[in-house]
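The structure appears right after this line, and notes come after that.
Laboratory data are not the source of any read-out in this text; all were calculated from the coordinates shown. No experiment lies behind these values; they were computed from the predicted model shown. Reconstructed Cβ throughout: ideal geometry from the backbone, glycine too, with neighbour counts over all protein chains shown.
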Amino acid sequence: MTEGALVPVAVRVELAHAAVQRLAEQSGVDLLHIKGPAVHPGLRRTPSSGSDVDVVVRPDGVDALMAALAAHGWRVETEFTSGSAFDHAANLYHPSWGLLDVHRHYPGMDRDPAHAFDVLWGTRGSVQLAHVSCAVPDPLSQSLVLLLHAARTPHEGAEHPDVGPNWHERTPQERDRIREIAVATGATVGLAAATGHLAEHAHDPEAALWRVFTEGGDRLDEWGARFRSARGPRAKASVAVRSLGVNRYYLAQKLGHQPSRPEVAAEFFRRLAAAASGVVGRLRRGARR
């Protein structure tokens, strides 16, 4: 049993926020705490401490923070380029503190991550977590963060529960301000996806990936959208190379143990066959139409 398992989840998460904050301060790194206990009261239907810690880091401080975390017992589970379709966060684990997502940018705010962080940092507030002062986005910026998260989170029902309190129940003036923050952080398309207006951005390459999350799609749809959304030949080449790669972390979760080389190879060929089958299926449907 790990040390963290002996502590209630809500307490452990709050302590973990404080521990990460102290490491950031010691490393001279700016970061913003998001989600879980960092969320402003009233922005979620059912307040939750969450089960992990989420922080957005000033881009030029990411390497320093990752080094400090490694030196204090945090183990990387997934790298930035393998954790999600947006290549935005590394997932780490500590036997006492649990899980941590370090965001080098926030999904939807990745056109100019440094500028987007400056915008959020410029109007930041603070909250006491385990008696440690932690910087958080202001309430309207938090609403934008929660809306962007809702847009890429599968949910049973017509609408994610975070959309109501952060959009529909906001005043017209507050919604205008959220739109302004979205423009300033480059998150206009993501906000449109969260609020049901993605069709207005149909010709924006970025919309392809948001459409997969809001309308559904298989892995082939996702990787195709990632390719279309990638900016520039180098980014597109990276997506193409990684599309058939095997994520060892997720394969370990599926198998219940660290995968062997034969198991990784088998998963690679399974994915290759699935991709080929998907392409053939699309060609057949196209031919019928």
(request) Would you mind classifying the range 11-166 by shape? Square roots of the alpha carbon gyration tensor eigenvalues, ordered a ≥ b ≥ c; an a/c under 1.5 is rounded, otherwise it is prolate if a/b is larger than b/c and oblate if not. (result) rounded
(request) Determine the sum of side-chain charges near H33: Lys and Arg each +1, Asp and Glu each -1, restricted to other residues whose C-beta is under 14 angstrom from that of H33. (result) -3
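Determine the sum of side-chain charges near A130: Lys and Arg each +1, Asp and Glu each -1, restricted to other residues whose C-beta is under 12 angstrom from that of A130.
+1
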(request) Within 10 Å, count the other beta carbons around each residue, average over each peptide in 115-128, 87-100, and list them highest first. (result) 87-100, 115-128
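Under the √(5λ) rule applied to the eigenvalues of the Cα gyration tensor, what semi-axes describe the equivalent ellipsoid of the range 95-207? Give them in Å, descending.
After scaling each eigenvalue by five and taking roots: 24, 17, 16 Å.
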(message) Could you give the length gained by full extension between H115 and A67, i.e. 0.36 nm per residue of separation minus their alpha carbon distance, to one decimal place?
(response) 14.9 nm
(message) Given R₀ = 22 Å, what would the calculated FRET efficiency be for H168 paired with D204, taking r from the Cβ atoms and rounding to 0.05?
(response) 0.35
